[in-house]
Amino acid sequence: MADVPNDAPEHCPGTSSDQAGKSSACQGCPNQNICASGAAKAPDPAIEEIRQKLTSVKHKILVLSGKGGVGKSTFSAHLSHALASDDSKEIALLDVDICGPSIPKIMGLEGEQVHQSGSGWSPVYVEDNLAVMSIGFLLSSPDDAVIWRGPKKNGMIKQFLRDVDWGEVDYLIVDTPPGTSDEHLSIVQYLSGAGIDGAVIITTPQEVSLQDVRKEIRFCKKVKIPVIGVIENMSGFVCPKCKNTSQIFPPTTGGAQRMCEELNLPLLGRVPLDPRIGRSCDEGRSFLTEVPDSPAAVAYQNIVQICHRRKVSVH
Amino acid sequence: CAVGILDVDLCGPSIPRMLSVGKPEVHQCDAGWVPVYADPQQKLAIMSIGFLLEDSDEAVIWRGPKKTALIGQFVSDVAWGELDILLVDTPPGTSDEHLAVLENLRKHRVDGAVLVTTPQAVSTGDVRREITFCKKTAVKILGIVENMSGFVCPHCSECSNVFSKGGGEELAKLTGSVFLGSVPLDPLLTATLEEGRDFLQAFPESSTYTAISQIVNTVLSSLDA
């Protein structure tokens, strides 16, 4: 059964929820008895459909953080650009931030639309070998808000995995919103047949961020996703005039380095703040090609190399 | 002024650390859950899931309905007492948490929302959608704050627009909203938040303090109006 059937009431908890059939919202729903009996909790057939669909996808990497605004989408976009710079590789970038889809803008694809064909939805190609999918392509205006509860977001994610015609792909990168909630559980659940190689975790140096990121790492352990490593973003700012470094987001508790030591995880690298990164993202260009010599671009390229080598690490 | 802060970011509750209240227990009284007070005079009451977790690294891995239920309890079952203002801190998005807060606050009055953006287009691009959310749910927009707006080097005073500049003000113009003001990137502010110290007490001379105060005063006057 669909996660939220068409005839379900407004506050349907979802057919795979613990509350299925038992929540007060279930009163009067025609499916209530099915849900309450547990029959609806049989494994979602979509999991097997997705496993089959994604046999043409060699590697799947999630980009996660517990914290918002730390640079997940920026990293996902530029990881994709860097991997796609090898013409022999096919790269796909999936944006599952349903409420705040930034990937179209960062990839310079605003205003693009998705086309349907017999074999499913076509992703939008930014390069011949770099395909992108985001709910942003399904919205007609930049003001449109996606005011959806969990079950509806889950349904969209299932469609992204099952109905998009990705074709032969070497790397599928999945950009996520902050948190440990519906989007994250759904990605893990729907890819449980197809498999996830691992997750890259993004943080900024300060404890207020690390505090949330530790929870994200716990989430990965709980759902058995290997952690490829952690990136410390916005790590220091070098004044363009006097060249002194300021710690705008201070690592008061030792930053990502101490956290990685404590949790026995690889620190993939530190990326400094650079105003040109934000500008490139706003303009939809890759800063790896715009300012390749900047310390931030160099840091990113090093990190991409490490990810490439570590893609099947187990932590 | 008696203020309550309700932290409905269930996956990433940052308020307890920023207000330096540590890990107190939440007690029950006849009127419901007793909020945690940040000050001995009990003028600043707080409720956050951060107080309910045994282990602060524990992940809250909940789907929407469970988050909705807890937020309902936070609004209805906390014995806030007499408050002049209840502030609700939310996670990013336009989803379960935001709908749950509004549904539960409907029976009381929601004065409005303050929207925070950083200056660059990637941020204002999402905040436009939040503005639509407010319009659709009939929440008055008290105004827009442009945060992380420029960085003044403490060594040479050169101002760098780390996350671009002006996007918040442009967004306000574009959408017919009030522009409340800009707050710069300030390592002193981030450091005091890390330590849970009161920035306004610690650095009353700072221009960041002036910027924040002006925003606060504008919001308060719009509430009185």
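A few points about this structure:
- Just one residue in the set A:224, A:243 is facing chain B (nearest Cβ under 10 Å) and basic (Lys, Arg); that residue is A:243.
- Selection from region B:95-141 of residues that are closer than 15 Å to residue B:8 by Cβ, at the interface with chain A (Cβ under 8 Å from one of its Cβ atoms) and touching a Cys at 6+ places or on another chain (Cβ under 6 Å): B:95
- Test: residue in region B:31-41 that is buried (at least 17 other Cβ atoms within 10 Å of the Cβ) and under 17 Å from residue A:145 (Cβ atoms): no
- Test: residue B:189 is under 24 Å from residue A:206 (Cβ atoms), surrounded by 14 or more Cβ atoms within 10 Å (Cβ to Cβ) and at the interface with chain A (Cβ under 9 Å from one of its Cβ atoms): no
- Screening residue B:94 against (1) assigned to a loop (DSSP other than H, G, I, E, B); (2) closer than 16 Å to residue A:146 by Cβ; (3) without any contact (Cβ under 8 Å) to a residue 12 or more places away in the chain leaves a single unmet condition, (3).
- When the residues of region B:60-94 are filtered to those that are among the small types (Gly, Ala, Ser) and in contact with a Gly (Cβ under 7 Å, 6 or more places away or on another chain), the one that is surrounded by the fewest Cβ atoms within 10 Å (Cβ to Cβ) is B:79.
- Among residues of region B:48-68 being among the hydrophobic types (A, V, I, L, M, F, W, C) and either touching a residue at least 60 places away in the same chain (Cβ under 8 Å) or not in a helix (DSSP H, G or I) (or both), the one that is farthest from the other protein chains (Cβ to nearest Cβ) is B:53.
- Residue pairs whose Cβ atoms lie under 7 Å apart, separated by 6 or more positions or on different chains, with the first residue in region A:80-100 and free of Cβ contacts under 8 Å to residues at least 60 places away in the same chain and the second in a loop (DSSP other than H, G, I, E, B), are A:84/A:129; A:87/A:129.
- Inside region B:151-186, residues that are more than 10 Å from chain A (Cβ to nearest Cβ), more than 19 Å from the chain's Cα centre (by Cα), surrounded by 19 or more Cβ atoms within 10 Å (Cβ to Cβ) and in a loop (DSSP other than H, G, I, E, B) make up a count of 0.
- Elements of type strands (runs of 3 or more DSSP E) in region A:81-142, at least 2 residues being under 28 Å from residue A:308 (Cα atoms): A:91-95, A:124-127, A:130-134
- Boolean, residue A:153 is basic (Lys, Arg) and surrounded by fewer than 22 Cβ atoms within 10 Å (Cβ to Cβ): no
Bear in mind these aren't lab numbers, they're just calculated from the coordinates by the rules spelled out. Quick caveat, the model's predicted, so the values are computed rather than measured. Glycine also receives a Cβ, built like all others from the backbone with ideal geometry; neighbour counts cover every protein chain displayed.
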